[in-house]
1. For a protection proxy built on the mean count of beta-carbon atoms within 10 angstrom, sort B:216-222, A:186-192 highest first, please.
2. What distance in nm separates the two pseudo spin-label positions at B:K353 and A:R133, each 7 Å out from Cα along the beta-carbon direction?
3. Between 0 and 90 degrees, rounded to the nearest ten: what's the tilt of helix B:198-209 against the longest Cα principal axis of chain B?
4. On the Cα set of the protein assembly as shown, report Rg and Dmax in Å, please.
5. Rank B:T316, B:P343, B:L329 by how far each Cα sits towards the positive end of the charge dipole of the stretch B:302-375 (+1 on Lys, Arg Cβ; -1 on Asp, Glu Cβ) and give me just the farthest.
6. Just the number, please: percent antiparallel of the DSSP beta bridges in chain B, rounded to the nearest 5.
7. Could you check the simple spin-label distance between B:Q379 and B:D19, using points 7 Å along Cα→Cβ, in nm with one decimal?
8. Which value results when the Cα radius of gyration for chain A is divided by 2.2 N^0.38 Å?
Amino acid sequence: MSEPTSATAHSDAPLTAAKNPNPAAFNGEGMEARKHDVLIGRSVTIDQPRDKLYAFWRDFKNLPLFMHNIRSVESVSSRVSHWVVEAPAGKTVEWDAEIVDDEPGALIAWRSLEGTGVRNSGRVEFRDSPDGRGTIVTVTLVYDPPGGSVGKIIAKLFQKEPKVQARQDLRRFKQLMETGEIATARPPEAAPRA
Amino acid sequence: MRALTWHGKHDVRVETVPDPQIVNPRDAIIKVTSTAICGSDLHLYDHTIPTMKAGDVLGHEFMGEVVEVGAGNKKLQVGQRVVVPFVIACGQCFFCKQQQYSACDNSNPAETADMSEFLYGYPMTGAFGYSHLTGGYAGGQAEYVRVPFSDIGPIVIPEGIEDDKVLFLSDILPTGWMAAENCEIDSNDIVAVWGCGPVGLFAIQSAFVLGAHRVIAIDHHPRRLDLAKTMGAEVINFEEVDVREALVEMTGGIGPDACIDAVGMESHGFSADSVMDKVKAAVKLVTDQTHGLRQVIVACRKGGRISIPGVYGGVTDKFPIGALMEKGLSVKSGQTHVQKYMPQLLKMIIEGKLDTTFLISHRLSLEEAARGYKIFKEQQNEVTKVVLKPDGVTRH
């Protein structure tokens with residue numbers, strides 16, 4: 001594979017759409033990434049005001065409602081939270097994260113603290129859709145796959161690949177915010193939390 | 001409750017399964033009084049649609065009585081009689097707000113939506129009883145069914161109108177109507193319709209209501225062609241005559257202005273390309289047999305309109321892209337935006353402008369549903385539509 005791309009210089013698309021992106025290009029934007037980290041990005045348009053979407057997301061205890069691999073998020077202080085996330089074989093991974101940027105109604109950025117579980121950082125942005133279709137919500141995540149590239153393959157085998165997880169989580173966020181519920185075909189006891 | 005469940009190719013059974021329950025606030029539970037077997041159910045019966053699981057409850061054309069309403073539904077009331085659209089739509093996303101209900105972004109569960117995003121580029125809507133591509137929702141060929149977003153879909157039927165008159169609002173009547181609407185019919189137009197199954201017949205009826213000058217219907221089942229004739233269509237039996245040749249002659253050399261493919265992916269044809277499609281489908285190189293659609297495109301006049309209500313799911317080859325481009329054809333297609341069309345079509349039924357009851361050839365109990373599938377599949381000339389009555393009562 002060629003050298004990772006640091007910018008999509010000849011496209012107007014975001015770096016997350018690059019065939020071989022270099023996540024380190026995000027450093028300095030509140031994220032902490034290295035060249036061989038995994039980079040994920042996904043946008044969704046939600047027909048609700050961005051202040052409402054921001055407020056729901058910023059209240060981290062809401063996140064497990066639509067992020068189904070997150071067991072819990074607890075606030076340790078105003079900027080630090082403790083995350084417990086499901087891992088393969090019924091195990092969990094835990095880490096502390098701190099908010100590194102917080103613009104009400106617009107942006108939340110975070111990164112894991114030194115020496116905790118999985119090194120990761122990310123941001124969620126809320127922008128008005130220029131055509132009156134609501135708010136464009138963009139999530140960008142970078143993480144150091146546990147156990148390097150082999151760990152990444154094992155993770156793919158035993159649990160949902162984080163990219164798939166993020167895509168499904170954002171769909172559920174949209175469903176919950178637009179319709180007030182999370183679509184499911186399962187019976188009540190097996191239905192998703194909402 | 002009792003329900004018709006899928007177990008494999010040509011293997012459907014009426015079994016006892018758990019009763020459905022309210023899951024989400026906007027759900028309702030419907031006690032089914034009438035439910036039909038759709039031509040597209042035969043795609044499931046033939047197992048040409050992937051992602052079916054043993055035990056799936058089929059059925060997406062159904063109506064009945066509201067017996068339970070979730071706390072978030074302020075519209076429906078217990079005891080109301082409703083027809084339920086086969087498309088499950090939220091009413092609040094970008095697509096629903098434009099009445100493009102069959103493109104709803106929110107009704108297919110997040111996990112199953114991945115499959116259609118992979119296949120088609122974007123996740124597709126949820127639907128009842130039609131594989132896990134559309135969400136794996138249990139269908140309505142059952143005594144009871146859970147209806148999500150029930151404050152958006154179901155339409156309340158006034159007292160005194162029997163089930164058989166309105167049941168087809170759930171799918172095939174609006175599908176035939178949208179197929180004709182997609183032809184953008186002008187008063188001098190000649191519309192050709194491939195396939196005189198339920199959707200084709202309703203498309204013929206709709207094309208006349210929308211002002212078509214002439215409609216030419218194409219099939220090979222004499223009884224279905226007779227039904228088309230009684231609606232005012234001229235007919236072509238493709239076993240007797242060359243279809244393009246016939247259409248050229250019947251339109252004075254100009255060709256039909258608009259063409260409707262109401263056949264879909266299992267078109268019968270007797271040409272080399274359809275044999276090739278079968279071989280390739282067998283070895284999983286190509287999924288969809290499209291002989292009928294090729295003929296539609298070649299037979300349509302220059303600058304004409306093509307409407308495709310027939311169901312396709314995958315890819316095909318030998319697609320006559322040259323004829324499409326060189327003749328400047330326009331194509332409209334898609335699953336039906338049922339919720340959009342229901343109110344106006346119900347009004348036309350009440351006013352006597354549209355009749356749907358002529359189509360029903362067989363009324364069976366739910367217990368006989370497996371036989372219903374078998375005869376609908378094997379005796380297409382005689383069996384034009386099978387309606388199941390889960391409680392054995394004809395309602396008015």
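Read the figures in this text as sums done on the coordinates, not as results from a lab. Bear in mind the structure is a predicted one, so any value in this text is a computation, not a measurement. Cβ sites come from the backbone with ideal geometry, for glycine too, and all protein chains shown count toward neighbours.
1. Most protected by this proxy first, the peptides run B:216-222, A:186-192.
2. Taking the two extended label points, one gets 3.4 nm.
3. Once rounded, one gets 70 degrees.
4. Answer for the protein assembly as shown, Rg first and Dmax second: 26.5, 82 Å.
5. B:L329
6. Here the share of antiparallel DSSP bridges comes out near 55 percent.
7. Inter-label distance under the simple model: 3.6 nm.
8. Taking N as the residue count of chain A, the ratio is 1.03.
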